[in-house]
1. What is the number of the single condition among (1) surrounded by fewer than 17 Cβ atoms within 10 Å (Cβ to Cβ); (2) outside any loop (DSSP other than H, G, I, E, B) that LYS63 does not meet?
2. Find all pairs meeting these conditions: Cβ atoms under 7 angstrom apart; at least six residues apart or on different chains; first residue within the stretch 104-132 and open to solvent by 50 Å² or more (accessible area, probe 1.4 Å); second residue of a type in the set (Asp, Glu).
3. Across the stretch 101-140, what is the total count of residues that are outside any strand (DSSP E or B) and under 22 Å from PHE69 (Cβ atoms)?
4. Give the residue that is nearest to ASP92 (Cα to Cα), with candidates limited to residues of the stretch 1-28 that are loosely packed, with under 10 Cβ neighbours inside 10 Å and modelled with pLDDT of 75 or more.
5. Could you check the stretch 79-91 and list, in sequence order, the residues that are touching a helix residue (DSSP H, G or I) at 6+ places or on another chain (Cβ under 6 Å) and surrounded by fewer than 20 Cβ atoms within 10 Å (Cβ to Cβ)?
Amino acid sequence: MPNGNKQITSLKLHNGNIIDIFSADTETVLALPYVDNGISAGFPSPALDFVDLSIDLNRHLIKNPSATFYGRVKGDSLKNAGISNGDLLIIDRSLEPTNGKIAVCYIDGEFTAKRIQISKKEILLIPENENYQPIRVTEENNFLIWGIVTHVIKDV
């Protein structure tokens, strides 16, 4: 099944050409087994005894539940940032936008996810793909930095 067709049980708030946005259901608790001392990505390490720890991804990934949303990426403009078509973004609307963060922005009726570059003179929306040009935000644009991307969930 392609990434973009996965089921999300949250309420779909926006269906766009670049990103779909969903509400985040943070009321659920799902404690999953957790290996606290790390998993070697280099040479294998001796197996440790089973450690009885668990992690709840809602608590680990979502710091501001009432301001958190999910967004399903459509397209490849952030591929060099490691964000691919079908990836699921966790978006926090309570965070202040800062230079260099990846944000979900609303511009002229469409949502887009880009790295933001803020200066005194202008705001640029920078793609992370050489096939796309930066978007310069002007006073004529209907523009809003909608939320800041805090995590990316992807298939491997």
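The values are calculated or read from the model by the stated rules, or taken from the named source; none is laboratory data. This structure is a prediction, so every number in the text was calculated from the model and none was measured. Cβ atoms come from the backbone with ideal geometry, glycine included; neighbour counts cover every protein chain shown. Areas reflect the complete protein model, heavy atoms only, side chains present, ligands, DNA and RNA absent. Shrake-Rupley method; radii C 1.70, N 1.55, O 1.52, S 1.80 Å.
1. Unmet condition: (2).
2. ARG115/GLU128
3. Filtering the stretch 101-140 for residues outside any strand (DSSP E or B) gives 101, 108-109, 119-122, 127-134, 138-140.
Subsequent filtering for residues that are under 22 Å from PHE69 (Cβ atoms) retains 101, 108-109, 127-128.
The total comes to 5.
4. The first filter runs over the stretch 1-28 and keeps only residues loosely packed, with under 10 Cβ neighbours inside 10 Å, leaving 1-2, 5, 7, 9, 27-28.
Now drop any that are not modelled with pLDDT of 75 or more, which leaves 27-28.
Values: GLU27: 16, THR28: 18 Å.
Among those that are loosely packed, with under 10 Cβ neighbours inside 10 Å and modelled with pLDDT of 75 or more, it is GLU27.
5. Here is the first cut: in the stretch 79-91, the ones touching a helix residue (DSSP H, G or I) at 6+ places or on another chain (Cβ under 6 Å) are 86, 90.
The one that is touching a helix residue (DSSP H, G or I) at 6+ places or on another chain (Cβ under 6 Å) and surrounded by fewer than 20 Cβ atoms within 10 Å (Cβ to Cβ): GLY86.
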